[in-house]
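K.L.:
Mind looking over this structure? Questions follow.
The values are calculated or read from the model by the stated rules, or taken from the named source; none is laboratory data. Keep in mind that this is a model prediction, so the values were computed, not measured. FYI the Cβ positions are ideal-geometry reconstructions off the backbone, even for glycines, and counts take in every protein chain you see. Remember, those area values only see protein heavy atoms, side chains included, never the ligands or the DNA or RNA. Shrake-Rupley method; radii C 1.70, N 1.55, O 1.52, S 1.80 Å.
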Amino acid sequence: MIGNNIRIISWILFGTLAGILLACFFYVPEVLFRLNLYTFLLNIDFLPLPDSVIYNEPFQFVLHIIIAIILIAFVDLFCRIYYYPYQISLIINVIMSFTFFLCTT
């Protein structure tokens, strides 16, 4: 059981770190060049929520961190089940490319 607790703690740690770094990486160009990268990253307009929740930036950021933790956990479990690193990275990149294409059109 202790191994599972360490894995969950590492998911939370690395997911939070990845989410914060990605948010900072997108926030800086938005401030410097007025590109809407950070706004696009936190976009949750497609969810059926009231406007007070959708336009609440701290809520959007926390939701972004939760999704990052879930993605880290999914990738970790997928890598433990299916250990072919190049194919895993190819699958992840193809999925992300399709989601990016759908979100920008």
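K.L.:
Debye calculation, C-alpha points only, no solvent: report log10 I(q)/I(0) for the chain at q = 0.13, 0.16, 0.23 Å⁻¹, in the same order as the q values.
P.N.:
Debye intensities relative to I(0), on a log10 scale: -0.61, -0.88, -1.33.
K.L.:
How much accessible area per residue does region 2-105 have, in Å², with a 1.4 Å probe?
P.N.:
Values: 8110 Å² over 104 residues.
Per-residue value: 78 Å².
K.L.:
Could you sort L47, L90 by accessible area so the largest value comes first, with the probe set to 1.4 Å?
P.N.:
L90, L47
K.L.:
Now for a separate question. Considering only protein heavy atoms and a 1.4 Å probe, what is the carbon-and-sulfur percentage of the accessible area of the chain?
P.N.:
76 percent
K.L.:
Probe 1.4 Å, all protein chains in place: accessible area of L22 in Å², nearest 10?
P.N.:
70 Å²
K.L.:
Report the FRET efficiency, 1/(1 + (r/R0)^6), for L49 and Y82, where r is their Cβ-Cβ distance and R0 is 35 Å, rounded to 0.05.
P.N.:
The computed FRET efficiency comes out at 0.50.
K.L.:
Dipole of the chain, Cα-centred, from +1 at each Lys and Arg C-beta and -1 at each Asp and Glu C-beta, to the nearest 20 debye?
P.N.:
320 debye
K.L.:
Same structure again: Spin-label point model (7 Å from Cα, Cβ direction): what's the L63 to S89 distance in nm?
P.N.:
Using points 7 Å along Cα→Cβ, the separation is 3.2 nm.
K.L.:
Per-residue accessible area for F78 at 1.4 Å probe radius, Å² rounded to 10?
P.N.:
60 Å²
K.L.:
Give the shape of region 61-105 as rounded, prolate or oblate, defined through the alpha-carbon gyration tensor: a ≥ b ≥ c are the square roots of its eigenvalues, a/c under 1.5 means rounded, and otherwise the shape is prolate if a/b is larger than b/c and oblate if not.
P.N.:
In terms of gyration-tensor shape, oblate.
K.L.:
Enter the accessible area of T39 (Å², nearest 10), with the probe set to 1.4 Å and all protein chains included.
P.N.:
Probe radius 1.4 Å; accessible area of T39 about 70 Å².
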